[in-house]
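Q: Attaching a single structure in structure tokens format; questions to follow.
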Amino acid sequence: MAAAKNKSALSENESPSTPKSIGQKSAARIKALRKKKLDTNQLLQDILNGNKTALSRGITLVESKNVKHNQNVNILIEGCLPHANQSVRIGITGVPGVGKSTFIEAFGNYLINEHGKKVAVLAVDPTSSVSHGSILGDKTRMEELVKQENAFIRPTASGDSLGGVAQKTRESIILCEAAGFDTILIETVGVGQSETMVHSMTDFFLLLKLAGAGDELQGIKRGIMEMADAIVINKADGDNKRPAERAKSEFRKALHLYPIKSNDWKPKVMLSSALHQKGISRIWEMIETYVTSTQENKYFFHNRKEQNKFWLLQTINEQLKSNFYNQPEIKIALQQQLLAIENNETTPFEAANYLLKKAKEL
Ligand code: GDP
């Protein structure tokens, strides 16, 4: 005990001052940095080899809030980018209970079993940053799919902002594609801004609906209908089959009133019973038709380029925001300004100008 105490006391006394220990320290730091780089390169290789455990670890790294991981994430993304882009990205939305998980389970299994596809499922969930949990992309709700060798299911990234979560999801798409997944399903819940985010990172946007529930009830805004490349009325089975057929013709009529899309694609309305795996193959045929026709008229590639431009701006916005809010001085000053607003001592604009000026000076 005494010897150990002595030893630690000695090293404590020695370390800050002796040149030798400073040299040793920086050598150790360089070694640790090299190791980190080596580990990340190994991880990258494993991802490129299609190793799902490595893919999971890679996504965890992408989702990390630790700024120390930024360099590793950059190595991963840069290494994956040349192998990305070779997939069809499909966004799937709809209110809770409409059958998204059941649909993805049926659709994913169909694509793997009948078409030899490799399917990755990711999720953008605006509520997860509040609930700190995943309500989507839930593995337990996709029992068969999760067992498939050619499926990868990743529950929702959580984050401070939807923009942040969406950015991580986008980077995760790149990793999944580099790992050889050729069909990426991105699930989101039909509320708030999340659809717009998912729409901006997918090639095809599918809206799941139920028959017999008014739009207000389903919480679907007009804008989401406009974004949809297809509306699929799910649960078209049993007593619900007739109402589903009626809803189909109503939606068809409604869609006629919408402006024609710039890609010349007329959104389709289809029926499915995810529970009984009905309508699934026709939905895939429709998506294939969409992909072929938009690749022929070049919209597919144009759209991806536009999305990349959008994401460049989005990334800058997110980066600026997080740099600003994460500065300790700003954190303190922000609290002071919030208090000053509460006490009517300043205006929001004055406070904002003060904080932005302060950040510039730091
Ligand atoms: P999510 O919240 O949108 O992911 O919905 P889920 O996939 O969890 O489904 C909600 C409920 O609807 C579950 O009890 C499913 O079994 C049921 N369900 C999903 N698809 C269908 C369908 O096509 N037909 C019927 N009858 N029930 C379905």
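Q: Which cross-chain or sequence-distant (5 or more) residues have an amide H under 5 Å from the amide H of ALA230, H modelled 1.01 Å from N in plane?
A: Counting only residues 5 or more places away or on other chains, the set is PHE205, LEU207, LYS268.
Q: Straight-line reach from LYS235: which aspartates and glutamates have Cα under 15 Å away, leaving out those fewer than 8 places along the same chain?
A: Hits, sequence-local ones excluded: GLU105, GLU245.
Q: Next question. For PHE349 and GLU250 in the same chain, what is the full-extension length gain: residue separation times 0.36 nm, less their Cα-Cα distance, in nm?
A: Difference between extended and current length: 30.8 nm.
Q: Roughly speaking, what is the centre-to-centre gap between the stretch 307-349 and the stretch 263-290 when only Cα atoms are used, to the nearest Å?
A: One Cα centre to the other: 43 Å.
Q: Hey, could you pull the Cα Rg and Dmax for the stretch 216-362, both in Å?
A: 24.6, 67
Q: Strictly over 24 Å apart at the Cα level, which of LYS31/LYS360; LYS100/LYS248; LYS261/LYS309; LYS268/LYS298; LYS321/LYS357; LYS168/LYS261 would you flag in this model? Kindly include the intermediate steps, with their values, before the conclusion.
A: Numbers: LYS31/LYS360 35 Å; LYS100/LYS248 18 Å; LYS261/LYS309 20 Å; LYS268/LYS298 20 Å; LYS321/LYS357 14 Å; LYS168/LYS261 29 Å.
Over 24 Å Cα-Cα: LYS31/LYS360; LYS168/LYS261.
Q: What is the extension gain from ARG282 to ASN297, computed as 0.36 nm multiplied by their sequence separation minus the C-alpha to C-alpha distance, in nm to one decimal?
A: Numbers: separation 15, 0.36 × 15 = 5.40 nm, distance 2.25 nm.
Net length gain for the segment: 3.1 nm.
Q: Using a ≥ b ≥ c from the Cα gyration tensor of the stretch 309-361 (square roots of the eigenvalues), is it rounded, prolate or oblate, where a/c under 1.5 gives rounded and otherwise the larger of a/b and b/c decides, a/b for prolate?
A: prolate
Q: Next up: Can you put ILE283, ILE47 in order of Cβ neighbours within 10 angstrom, beginning with the fewest? Present the calculation step by step, with values, prior to reporting the outcome.
A: Values: ILE283 21, ILE47 26.
Starting with the residue having the fewest Cβ neighbours, the order is ILE283, ILE47.
Q: So how do VAL88, VAL121, VAL189 line up by other beta-carbon neighbours within 10 Å, fewest first? Don't skip to the answer; put the middle values down first.
A: Values: VAL88 18, VAL121 29, VAL189 24.
By the 10 Å Cβ count, ascending, the order reads VAL88, VAL189, VAL121.
Q: Round to the nearest 0.05 the FRET efficiency obtained for ALA340 and SER161 when R0 = 30 Å and r is the Cβ-Cβ distance. Each step should come with its number before you reach the end.
A: Working: r = 25 Å, r/R0 = 0.82.
Rounded to the nearest 0.05, the efficiency is 0.75.
Q: Please compute the length gained on full extension between LEU362 and THR315, using 0.36 nm multiplied by the number of residues separating them and subtracting their Cα-Cα distance.
A: 14.7 nm
We did not get these values from a lab; they are worked out from the coordinates using the rules stated. What you are looking at is a predicted structure, and each value in this text was computed from that prediction instead of being measured. Here the Cβ is made from the backbone with ideal geometry for all residues, glycine too, and neighbour counts use every protein chain on show.
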